[in-house]
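Here's the structure, in structure tokens; my notes come after.
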Amino acid sequence: MNITWALLMMALGSVGVPGHGHDADVAAVLKSAMNPPIVAEHTNDPNATATTPSGAGGTAVPAPSPSPTPDASAALHTDPQPDAPKVKGIYVTAYSAGGSRMETLLDLLDKTDLNSMVIDIKDDAGYITYKTDNAELQELGHPQPFIGDINKLMTRLKEHEVYPIARIVVFKDSVLAKKKPELSFVNKDGSVWSNKGGDSFVNPYNEDVWKYNVDIAKEAVKLGFKEIQFDYVRFPEGFEKRADTLKYTKSDRPRVEIIADFVKYAKAELAPLGVRVSVDIFGYAASVPAAEGIGQDFVKISKNVDVISPMVYPSHYSTGWFDVKDPDKDPYATIRGSMVDTHKKLNPLGSYKPVIRPWIQDFTASWLGSGHYVKYGKQQVEDQIRALKDENIDEFLLWNANNRYTADVDYEQ
């Protein structure tokens, strides 16, 4: 099975979790996966190779994959949060963080080994989720009082010894795109482009967009967040199909370089503040070459962050991955296989290898259809954690779009 077909099969298994900002439009991903340009055919490192995922079928197909060799400055790469705990966290929407559900979530952390919350500070629509006094952020964004009192929230987190992570959705931003079309992608008729879900993106080539998002991150650090987690660090799904028809500012540099440059910029700007920088990325990115269409290269991004969070939900892998017929029904094998590929991809980075902290599944993927999914509960969550531990991964984040997490889970597998 070649890499393009592997991507196609991945897309077939990638029906998104309702409300989950990490998930791409399936139809668009299918088109991208079937389009050869999405696969990186050449890199600057002729010695690096990547193969089809374990058990994807057929003979492994060699393909270039960048594996930068750490230079003499590698020894200078240090963790800005050396005293941070081994993070075991949950996703928390701004609505939950500012509402009554927060009491339940704090109680969950108080009574278990969970110790961290990833909280939406700029959400999937592009809204800043609290009222800010920053005039520039007010001008470019549309701050909302989803979190009514952000300072009170930060005090509560500190009192409960919660390690706070600010989630910032970067290039998927309908609010900014509609307010400033010149920072977005525009159709020939002058309207702002949007995908089939009605979401618009802003232009990763535009450094004003970079600064805006990093400014939000800087304010989050001042509020007390210990880590900034950037999501949607990419071009729109299927972008290679429309790259030459939409109107937007651009350079001649490859999209994978532009996305990597944003991550480098963000890390450099935030480094003096002593905050960790992390990025969410598709889980299958560890198992295939770079996705040039959306501009994501697993290694280039990972080299410039403190933490990388691949989204390895078993429900998002299709038949055949890691020798598993129905990956959602075998969370242990699926997660372990994904971590084997992740280590292989990142080990060449040496001291630049970031902390690997995957997003794992605490939801039931009933949309996969009868016979292809199981109801996720205590055993399935524990199986995923055990698989991570068996591959020397001791940090993780749990995703449930509604912030309803399984009770009585042993998080110390």
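Some observations on this one:
- A 1.4 Å probe, protein heavy atoms only, puts the accessible area of Val355 near 40 Å².
- Heavy-atom accessible area ranking, 1.4 Å probe, most first, across Lys241, Lys329, Lys188: Lys188, Lys241, Lys329
- Heavy-atom accessible area, probed at 1.4 angstrom with all protein chains present, ranks Leu398, Leu246 as Leu246, Leu398, highest first.
- For Met117, the amide hydrogen comes within under 5 Å of the amide hydrogens of Ile90, Tyr163, Ile165, counting only partners 5 or more places away or on other chains and with H modelled in the peptide plane.
- For Trp359, distant residues with modelled amide H under 5 Å away: Met311, Val312, Leu397
- Residues in the stretch 363-398 reached by a label modelled at Asp408 [backbone nitrogen below 16 Å; 7 Å Cα→Cβ]: 376-383
- Accessible-area order (highest first, 1.4 angstrom probe) of the listed residues Asp124, Asp394: Asp394, Asp124
- Per-residue HN-Hα couplings for the stretch 382-393 [Karplus 6.51, -1.76, 1.60; θ = phi - 60°; Hz; x = Gly/Pro]: 5, 4, 5, 5, 5, 5, 4, 4, 5, 10, 6, 10
- Around Gln384: net Lys/Arg minus Asp/Glu count, Cβ-Cβ under 14 Å: -4
- Summed side-chain charge close to Ile258 - residues other than Ile258 whose Cβ falls under 12 Å, Lys, Arg +1, Asp, Glu -1: 0
- Along the stretch 346-360 the Karplus relation, 6.51 cos²θ - 1.76 cosθ + 1.60 evaluated at θ = phi - 60°, assigns HN-Hα couplings of 9, 3, x, 6, x, 5, 7, 5, x, 4, 9, 10, x, 7, 10 Hz to successive residues, with x for each Gly and Pro.
- Restricting the calculation to alpha carbons of the stretch 76-152 gives Rg and Dmax of 15.1, 44 angstrom.
- Under the Karplus curve 6.51 cos²θ - 1.76 cosθ + 1.60, θ = phi - 60°, whole-Hz ³J(HN,Hα) for the stretch 227-236, x wherever Gly or Pro sits: 8, 10, 10, 8, 10, 6, 8, 5, 7, x
- Using a probe of 1.4 Å on the protein chains alone, the accessible area found for Lys303 is around 60 Å².
The values are calculated or read from the model by the stated rules, or taken from the named source; none is laboratory data. Please read all numbers here as calculations on a predicted model, not as lab measurements. Cβ atoms come from the backbone with ideal geometry, glycine included; neighbour counts cover every protein chain shown. To get the accessible areas, we keep the full protein, side chains included, count just its heavy atoms, and leave off ligands, DNA and RNA. Shrake-Rupley method; radii C 1.70, N 1.55, O 1.52, S 1.80 Å.
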